[in-house]
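Please read through the structure below; I'll follow up with questions.
A short reminder: the numbers here are calculations on the coordinates, not readings from a lab. All of these numbers come straight from a predicted model, not from anything done at the bench. Ideal geometry is used to build each Cβ from the backbone, glycine not excepted, and the neighbour counts take in all protein chains shown.
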There are 2 protein chains.
Amino acid sequence: MNFQQLRSIREAIRCGFNLTEVANVLATSQPGVSRQIRELEEELGVEIFVRSGKRLTGLTEPGRELLPVVERMLVDADNLRRIAGDFIEGDRGSLSIAATHSQARYALPSAVRDFRATHPNVTLQLHQGSPQQVAQMLLSGQAEVGIATRVLAEHDELVAMPCYRWTHSVIVPAEHALLDGEVTLERLATFPLITYELGFTGRGTIDDAFERAGLKMNVVLTAMDADVIKTYVELGLGVGIAASIAFDEERDRQLRAIDARHLFPINTTEVGVRRGGVLRRFAYDFIQTFAPHLSPEVVKRAQASAVDTPQAPL
Amino acid sequence: MNFQQLRSIREAIRCGFNLTEVANVLATSQPGVSRQIRELEEELGVEIFVRSGKRLTGLTEPGRELLPVVERMLVDADNLRRIAGDFIEGDRGSLSIAATHSQARYALPSAVRDFRATHPNVTLQLHQGSPQQVAQMLLSGQAEVGIATRVLAEHDELVAMPCYRWTHSVIVPAEHALLDGEVTLERLATFPLITYELGFTGRGTIDDAFERAGLKMNVVLTAMDADVIKTYVELGLGVGIAASIAFDEERDRQLRAIDARHLFPINTTEVGVRRGGVLRRFAYDFIQTFAPHLSPEVVKRAQASAVDTPQAPL
DNA sequence: TATCCTTACGGAATTCGTAAGCATG
DNA sequence: CATGCTTACGAATTCCGTAAGGATA
């Protein structure tokens, strides 16, 4: 048993059982990958992959049971390197963060600024993506810290820690009809709406609110980020619904924001990390810079926790 | 990074930093071990061991942090083999159980008999030792299941599950003075006592009871097991104190047992397994045969649990 | 001086990539 | 017929054990 075999197994699944692709990812030859997999199967005495003809098509029952252990072992291998890294380079290295646009654009900047000041020798990489992509980046090891709203906790391999709560605002041009009188879902439903794409920045909770009220939304445009939303609101295409944090009185002088916390459910932004993982010391520092209540100890404890907090029997 | 390196690290610690001994345990050459360790240290960029001159004398700070991860990786490697083993051989294989004498002699026989009947192709190995040795055998992987009273939970790497409760009895020859009237600690203290060695079968709780009563025990003989105790009681050397379960009316016709649950604290026998480990299916079956409330699911959940059940923050 | 680790070296085994072969959608 | 996996083979590398060297209790 060796790590190259384990890596081949893991990548084979990630690459949809295409060993040629695995070979590229692992920077080796395709017959090599083929051999690694076969040799591990021989050593363990079970077939890990289902083969139809010569192609791999899926995981066998044993394969499905082996996989989580294989992944943990590879994570642990990285953990060793990270633990060692803390000792050899101390406060020097690189930190990869995955975040949704809203977070990267509005919530993170101050944390990043403070972190850069205290950790000048750490290279920050900020990856952007949908909440699903953020989760994926954490799972693949591409990012060590993920910041998104919900969804992170949906994967067993990840731990999500509540970070802060926020609500939406209604964004309108200056001198818009909605600025007079109370804003209700009923009134909103009469306007063309511009908001997030499904799956982004609490869009789900917006839809829920309208649906529970028995109202139909007239969404004329969806975007992945508030900047785009605001741009089109400014053009008069409709009424925007965006995260409150995305509105800046200074910057958005042409626009007005109406707090809508009474209309839509509260959203919770979460910091996600790999379960069972170990991060560089400065990564814990970053998390605490972003969310002061998430101390290194709290995060480490969460990482070490089991999927379902079990009770000692009897 | 490879597994031989990790094994060398682990054994080096187990062998008290004597690489020559490690080489014997791992069935390889001493310079080989030396190289494995050095190469891993070079790859990680940190020294794992403290060297005074050429000898290894201890773990460095990084070494102490790396060790638990290294051990988990090696446990996981075994886990892979065990998971695969369940598929290739099904209900065939071997199960290594470590137990104290009392358990092996009085509690286990019926479970072993039932298990043998339902799993005829599983080879059982029953190791015997002090509670500390039982824990050690679990830690080293020599035994998969451990059965002892207390102490198992004292190691972070082990999970102990309460199994059943029991108390002590006073064992006397037929027609002994103690058979008349009530048995109290005060009366017991007037007789020469024969009981377990310290650390065995609840000896600690016996001492506690006397100490709390401000009484001094006159222990004339200690043994590791009840058979020896009973033998000397039969010879008239003194009054025995042993686990109630160890007395058998049929067998011990020369003796009488006086229930002493009102005198000494209740003891709890525990089943212990390695945290983070995976057992063969039949091993879970065995545990349930021994303690019906410890179903495979319960045990697996306990194994997957973190050391201190943590709360999701906030 | 005996124990224990390191270094040096040579042979053996393993590993890996290229090239050819074959099955499948 | 293009894609994708297996087999075959040869070269390169790695690996490991023996033997010698040196430090320490």
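Helix B:203-212: angle to the longest alpha-carbon principal axis of chain B, degrees 0 to 90, nearest 10?
60 degrees
Let me ask something additional. Compute the FRET efficiency between A:H293 and A:E43 as 1/(1 + (r/R0)^6), taking r as their Cβ-Cβ distance and R0 = 45 Å, and round to the nearest 0.05.
On the way: r = 47 Å, r/R0 = 1.03.
Plugging the Cβ-Cβ distance into 1/(1 + (r/R0)^6) gives 0.45.
Take the Cα radius of gyration of the range A:1-81 and divide it by 2.2 N^0.38 Å, with N its residue count; two decimals is plenty. Can you show the working numbers first?
Values: Rg = 11.9 Å, N = 81, 2.2 N^0.38 = 11.7 Å.
The value comes to 1.02.
Once the Cβ-Cβ distance between B:R14 and A:T60 is put in as r, and R0 is 30 Å, what FRET efficiency do you end up with, to the nearest 0.05?
Values: r = 36 Å, r/R0 = 1.19.
Rounded to the nearest 0.05, the efficiency is 0.25.
Same structure again: Return the aspartates and glutamates within reach of A:K300: Cα separation strictly under 14 angstrom, same-chain partners fewer than 8 residues apart disregarded; answer none if there are no such residues.
Those aspartates and glutamates meeting the cut-off are A:E144, A:D285, B:E65, B:D308.
Pop a pseudo-label 7 angstrom from the Cα along the beta-carbon direction at both A:R113 and B:Q30 and give the gap in nm to one decimal.
Rounded to a tenth, the inter-label distance reads 6.3 nm.
Semi-axes of the equivalent ellipsoid for the range A:9-50, please: Cα gyration tensor eigenvalues, times 5, square-rooted, ordered largest first, whole Å. Intermediate results must be reported in sequence, preceding the final value.
Details: eigenvalues 61, 25, 9 Å².
Square roots of five times the eigenvalues give 18, 11, 7 Å.
I need to check one value: relative contact order of the range A:71-201, counting alpha carbon pairs closer than 8 Å and at least 6 residues apart, in percent. Don't skip to the answer; put the middle values down first.
Working: 114 pairs, mean separation 31.9, N = 131.
Taking the mean separation of contacting Cα pairs over the length of the range A:71-201, I get 24 percent.
Another one. Kindly give the semi-axes, whole Å and largest first, of the ellipsoid equivalent to the range A:1-147, taking each as the square root of 5 times a Cα gyration tensor eigenvalue.
Working: eigenvalues 253, 65, 30 Å².
Equivalent ellipsoid of the range A:1-147: 36, 18, 12 Å, largest first.
Based on other C-beta atoms within 10 Å, arrange A:E175, B:E157 from fewest to most. Could the numbers behind the result be given before it?
On the way: A:E175 8, B:E157 16.
Final ranking by Cβ density, sparse to dense: A:E175, B:E157.
Right, next: Over what distance in Å are the Cα centres of the range A:13-30 and the range B:144-217 separated?
Centre-to-centre distance over Cα atoms comes out at 62 Å.
Okay, next question. Let me have the relative contact order for the range A:171-314, percent, based on Cα pairs under 8 Å that are six or more residues apart.
Values: 157 pairs, mean separation 36.6, N = 144.
Normalised by residue count, the contact order of the range A:171-314 is 25 percent.
Right, something else. Report, in cubic angstrom per residue, the convex hull volume of the C-alpha atoms of chain B.
Details: hull volume 62.5 nm³, N = 314.
Spelled out: Cα convex hull of chain B, divided by residues, is 199 Å³.
Starting from the eigenvalues of the Cα gyration tensor, five times each then square-rooted, give me the equivalent ellipsoid semi-axes of the protein assembly as shown, largest first, whole Å. Each step should come with its number before you reach the end.
Numbers: eigenvalues 698, 206, 119 Å².
Computed over the protein assembly as shown, the values are 59, 32, 24 Å.
Further question on the same structure: How far is helix A:281-290 tilted off the main Cα axis of chain A, in degrees rounded to 10, range 0 to 90?
On a 0 to 90 degree scale, this one is about 20.
Give the aspartates and glutamates whose C-alpha is closer than 15 Å to that of A:K216, dropping any in the same chain fewer than 8 places away, or say none.
A:E186, A:D207, A:D208
If r is the Cβ-Cβ distance from A:H262 to A:H155 and R0 is 30 Å, what FRET efficiency results, to the nearest 0.05? Each step should come with its number before you reach the end.
Values: r = 33 Å, r/R0 = 1.09.
Approximately 0.40, to the nearest 0.05.
Starting from the Cα-Cα distance between A:L215 and A:L235, subtract it from 0.36 nm times their residue separation and give me the gain in nm to one decimal. Display every interim value, and only then the final one.
Numbers: separation 20, 0.36 × 20 = 7.20 nm, distance 2.55 nm.
Gain on stretching A:L215 to A:L235: 4.6 nm.
Taking 0.36 nm per intervening residue step and subtracting the Cα-Cα distance, what contour gain separates B:E186 from B:N121 on full extension? Let's see the in-between values first.
Details: separation 65, 0.36 × 65 = 23.40 nm, distance 5.26 nm.
Full extension from B:E186 to B:N121 adds 18.1 nm.
Here's something else I'd like to know. When all alpha-carbon pairs of the range B:128-212 are counted, what percent fall beyond 14 Å? Please list the in-between numbers first.
On the way: 2524 of 3570 pairs.
The answer is 71 percent, as a whole percent.
Here's another thing I want to ask about it. Can you sort A:K54, A:K300 by how many other beta carbons sit within 10 Å, fewest first? Working shown, then result.
Working: A:K54 6, A:K300 16.
Neighbour counts put them in this order, fewest first: A:K54, A:K300.
Please list the non-local residues whose amide H lies under 5 Å from the amide H of A:V50, H modeled 1.01 Å from N, same-chain partners needing a gap of 5 or more.
Placed amide hydrogens put A:T57, A:G58, A:L59, A:T60 under 5 Å from A:V50.
I need B:R38, A:R165 ordered by Cβ neighbour count within 10 Å, fewest first. Let's see the in-between values first.
Numbers: B:R38 15, A:R165 11.
Fewest to most other Cβ atoms nearby, the residues stand as A:R165, B:R38.
Still on this model: Determine the calculated [θ] at 222 nm for chain B from helices alone, applying -39500 (n - 2.57) to every DSSP H run no shorter than 4 residues and normalising by the residue count; nearest 500 deg cm²/dmol. Display every interim value, and only then the final one.
On the way: 11 runs with 126 residues, N = 314.
My calculation for chain B gives -12500 deg cm²/dmol from helical runs alone.
Below 8 Å, C-alpha to C-alpha, sequence gap of six or more: please give me the relative contact order for the range A:116-181 in percent. Don't skip to the answer; put the middle values down first.
Working: 33 pairs, mean separation 13.3, N = 66.
Averaging sequence separation for qualifying contacts and normalising by length gives 20 percent for the range A:116-181.
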